[in-house]
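Taking it in order: structure first as structure tokens, then the write-up.
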Amino acid sequence: MALRLRSGRSPRALFALIAIALGVLVCFLTQPSKAQDGGSSDYAQGGRGHGHAENHNMYKDWNRPDVGGSCCSAQTPDDPAGDCRPTTAYLGDDGWWRARIRPGPNGFAVVPPNKILNRAGDGRCHVCERNGNVLCFQPCDPKS
């Protein structure tokens, strides 16, 4: 005699349905979120150009503290050569800053001390980088 639920279905079918639903839920919860272009959290993703346009007027006046010259190679706010952007960063236990320059778990670059500008007035960290090399970094207040 087989066990049947009130709906007439077997418990095996119910367990299969629950397993499928949990599998779909796990897939949605483990997918990394993607910021939309122009969204307020673009800088957290580390993507090149995210947040450059709205900060171009600030970046265009930055000069490299190590060798002089401009930190930003963009000529206009919409220039695809914009290599400066807001970013996430943290101060390591060794006293060196790490700034996100690309998405993903390995997207942080160590910031040499001779690349650091004065603290940001808007409270966010900003980085200018080309080909994985940090040109300028404006730190934010470290999180405690």
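Here are the numbers for this structure:
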read-out	value
Residues of segment 130-144 classified as in contact (Cβ under 8 Å) with a residue 40 or more places away in the chain, assigned to a loop (DSSP other than H, G, I, E, B) and within 24 Å of Gly69 (Cα to Cα), total	2
Criterion: buried (at least 19 other Cβ atoms within 10 Å of the Cβ), at negative phi and touching a strand residue (DSSP E or B) at 6+ places or on another chain (Cβ under 7 Å) - qualifying residue of Leu135, Leu117, Leu91	Leu135
Residues located in segment 46-75, provided they are surrounded by fewer than 21 Cβ atoms within 10 Å (Cβ to Cβ) and modelled with pLDDT under 70	Gly47, Arg48, Gly49, Ala53
Sole exception among (1) within 18 Å of the chain's Cα centre (by Cα); (2) in a loop (DSSP other than H, G, I, E, B) for Ala109, by number	(2)
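Here's the yes/no breakdown for (1) free of Cβ contacts under 8 Å to residues at least 12 places away in the same chain; (2) of a type in the set (Phe, Trp, Tyr); (3) over 18 Å from Tyr59 (Cα atoms); (4) touching a Ser or Thr at 6+ places or on another chain (Cβ under 8 Å):
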position: Cys84; (1), (2), (3), (4): no, no, no, no
position: Thr87; (1), (2), (3), (4): no, no, no, no
position: Asp93; (1), (2), (3), (4): yes, no, yes, no
position: Trp96; (1), (2), (3), (4): no, yes, yes, no
position: Pro105; (1), (2), (3), (4): yes, no, yes, no
position: Val110; (1), (2), (3), (4): no, no, yes, no
position: Ile116; (1), (2), (3), (4): no, no, no, no
position: Gly123; (1), (2), (3), (4): no, no, no, no
position: Cys128; (1), (2), (3), (4): no, no, no, no
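The values are calculated or read from the model by the stated rules, or taken from the named source; none is laboratory data. What you are looking at is a predicted structure, and each value in this text was computed from that prediction instead of being measured. Using ideal geometry, Cβ is built from the backbone for each residue, glycine included, and neighbour counts are taken over all protein chains shown.
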